[in-house]
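Notes follow once the structure below has been shown.
The values are calculated or read from the model by the stated rules, or taken from the named source; none is laboratory data. Because the structure is a prediction, the values reported are computed rather than measured. Cβ coordinates were reconstructed from backbone atoms using ideal geometry, including for glycine residues, and neighbour counts include every protein chain displayed. Side chains included, ligands, DNA and RNA excluded: accessible areas come from the protein's heavy atoms. Shrake-Rupley method; radii C 1.70, N 1.55, O 1.52, S 1.80 Å.
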Amino acid sequence: MTLQEIVAMFLYTLAHHQKNGSIGNLFLRSGETVSQQFNLCLRAILKLHEHLLHKPIAIFDECEDERWQPFKSCLGALDGTYINVRVTSQERGKYRTREGTIAMNVLGACAPNMEFIYVLPGWEGSAHDVRVLRNALSRPNGLRVPRGNYYLVDAGYTNCDGFLAPYRGQRYHLKEWTDKQPESAEEYFNMKHARARNVLYMMGEEGSNRGRGKNKRFWTFEEDTVLIKYLHELSIDPKWKSESGFKSGYMNKLEEMIKYVLPNCGLKADPHIESRIKHWTEKYSAMAEMLSTSGFGWDSDKKMLQVEKTVFDEWAKAHKKAKGLYGVPFPHYETLAEIYAKDKATGEVSESFVGAIDNLNVEIANQSMTIQSDEDGYIDSPTHSTHSTQPTTQSHKRPMKKEDDNTPSKKAKMKEMKGKGKTHQSKDANELVASLHNTSNTFGKIFEDINANLGTIANSWSKAEEREQKMDDEVNKVLEEVMKLDGFEQEQLVCCCCSIVGVFLGYCSVVLALQLVCCGSIQADAGMLFPAAIAGVLLVSLAEF
């Protein structure tokens, strides 16, 4: 594969937001090959971030740009923006923005000439801009603001060292001065601030017409308990739970449920319940963030935060929402965790350029680093017939086939095959477990029978040995008595002994064999064997008495 083709696939993927399958069909490559080459090209681009990103240069006194002349020593503007992403259904709650879209929150810092200085992508869309900025400053290779310099930020950020925000409570959008000029020094500053900060694309929100503290109401502990109880019930009810949190109209449902228990409370969905849910959500987020940090603990008995006062005070300086949580019980934390824990932004997938390079190095090392040659897996001409019988020679790749419009899609087939595979796998697994169980039972029975048979065999052997010993003793006694008889020749006595042994053993063939062996060439006629056999039988009978 040529370098030009790799770069073309990379640029086409970014420009048209296409998947690996679509790029593979366009460039006649497999999806795995497209993924490998995309990662290689992406890693090369990320390694150039020190050259591609603009070096921050402060505004000097001789600046000729009217927008930036009032802001000496300024490095540029900083803000967060949303970029739409595709995530799994389980993670959509984290990535859902306040406008309801599924996106990630990307922090960007731009120079006056509209060149990027710093970029931090990956944070979930539900995360606040201040939280993302705080994370960027705490990273080892994160954003750095030299002493004496600063960035312009909007009213959503804190006005502090390194970041200059506009006056609060004053107009600060450019469209607010279209018909008339600023009426105060604060408005004039905000107008100049907005013109310079307009280097970044911003979505300013109109101010609320309700005002701070308007419609404020003090809630009792009983009212809070009932509210969170019914909120938890709705969170586990599929009729009201949705990917974005709750379905439309759930606050009216809460109002009805609370009125049924507390008929004289006078609570309304708007603004009372809405404001109180926002309050508890902020408190839970602050508590969860503290408990995920080293040095903070939770007392399950007292339902209270465990931390040193000095540690908490230092934390509260940078986290305003944590104020009021020290030394105060938080009895609703476990219930709120069951409602909001899975939708809380964590920033686990965010990464800087250095981190992205390291992760890509690991990913590429685990993949096959062999780049296919121009001939491998490449069809010479796009005009080839779809019925060609010449297969491509990609390593471990099947030749691509074009599907008719009437045939099921490849994705549907994969789902069907995957479902069948799972069914067969579960069936085979059950049969294997049953077979192993039966085999183990069979082996158990066999071992029990073997143990019983071994005991019987041992007893039989012991008894047989006793009988053989007894028989040997009796045979010896009979033979001694036979050899003492007078009036018989030596050969006749030997044949008689053989007959006696045969009688004891009970085998006629043994008797004849012994006779032939012992008598040798002697003619063993009936007249000679008969008296010997009778004598043997008589002697055995006498021995038994």
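From Cα pairs below 8 angstrom and at least 6 apart in sequence, can you work out the relative contact order of segment 255-337, rounded to a whole percent? It would help to have the intermediate numbers written out before the result.
Values: 59 pairs, mean separation 20.4, N = 83.
With pairs under 8 Å counted, the relative contact order is 25 percent.
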When the solvent-accessible surface of protein heavy atoms is calculated with a 1.4 angstrom probe, in what order do 270, 472, 313, 301 fall, highest first?
301, 270, 472, 313
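Normalised by the residues of segment 74-202, what does the relative contact order come to in percent, with Cα pairs under 8 Å and at least six apart? Walk me through the numbers on the way to the answer.
On the way: 217 pairs, mean separation 31.3, N = 129.
Reported relative contact order: 24 percent.
So what is the accessible area of segment 67-173 per residue, in Å², with the probe set to 1.4 Å?
48
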Solvent-accessible surface ranking, highest first, for 446, 236, 339 at 1.4 angstrom
236, 446, 339
Pairwise centroid distance, computed over Cα atoms, of segment 242-287 with segment 1-25, Å:
48
Using the Cα centre of segment 221-342 as origin and beta-carbon charges of +1 (Lys, Arg) and -1 (Asp, Glu), tell me which of 304, 285, 221 is placed farthest towards the positive end of the dipole.
285
Order 128, 17 by their accessible area, 1.4 angstrom probe, all chains in place, largest first.
17, 128
Probe 1.4 Å, protein heavy atoms only - accessible area per residue of segment 274-368 in square angstrom
55
Determine the dipole magnitude for segment 34-157: charges of +1 sit on the beta-carbon of Lys and Arg, -1 on that of Asp and Glu, nothing else is charged, the reference point is the Cα centre, and the result goes in debye to the nearest 20.
740
Distance from segment 450-465 to segment 72-119 (C-alpha centre basis), Å
86
Using C-alpha positions alone, give me the convex hull volume of segment 74-202 per residue in cubic angstrom.
124
Quick one: how many Å² of residue 443 are accessible to a 1.4 Å probe, rounded to 10?
110
For segment 239-344, state which trypsin sites (Lys or Arg not before Pro) are in a DSSP loop and have at most 16 other beta carbons lying within 10 Å of their beta carbon.
239, 247, 268, 302, 303, 323
